[in-house]
Amino acid sequence: MLFGQEHVDRYQATGGEEGHDWQGTTTLLLTTIGNKSGEERTTPLIYQEHGGDYLIVASKGGADEPPAWYLNLEASRPSACRSETTGSPLAHAPPHRTRRPICGPR
């Protein structure tokens, strides 16, 4: 079972052959630039297709604060959203507290 950086590494090394389908769902890789660190970080996220877009939920296991990747997107830092099902990067709509980030075809 893949988690964290191992999930990212296997996903990237196999072009999504390992890691895209994960525990009965699908994942994509979201790469953001840290708002404080300025460092690039890649996170595997569960997504669902909806009307041609890829929906992701900014959840941190029930915590009151959002995950770091959400805060990085909210700060409007450049980012990349990639699903191996499309074979190319995806555009994203900037998140707002009233809606979730949306990744979709460019």
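Listing for the model above:
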quantity: Residues that are in a strand (DSSP E or B), acidic (Asp, Glu) and either under 23 Å from ARG10 (Cβ atoms) or in contact (Cβ under 8 Å) with a residue 60 or more places away in the chain (or both), drawn from segment 29-74; calculated: GLU40, GLU49
quantity: Subset tally (residues that are in contact (Cβ under 8 Å) with a residue 24 or more places away in the chain and in a strand (DSSP E or B)) for segment 14-26; calculated: 2
quantity: Criterion violated by ALA91 - all others in (1) surrounded by 12 or more Cβ atoms within 10 Å (Cβ to Cβ); (2) modelled with pLDDT of 80 or more; (3) of a type in the set (A, V, I, L, M, F, W, C) satisfied; calculated: (2)
quantity: Looking only at segment 49-73, and only at residues there that are of a type in the set (Asp, Glu) and at pLDDT 80 or above, the one that is nearest to THR25 (Cα to Cα); calculated: GLU49
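The values are calculated or read from the model by the stated rules, or taken from the named source; none is laboratory data. Predicted model, so just to flag it, every value in this text is computed and none were measured. Because the Cβ atoms are built from the backbone with ideal geometry, glycine has one as well, and the counts that use them run over all protein chains shown.
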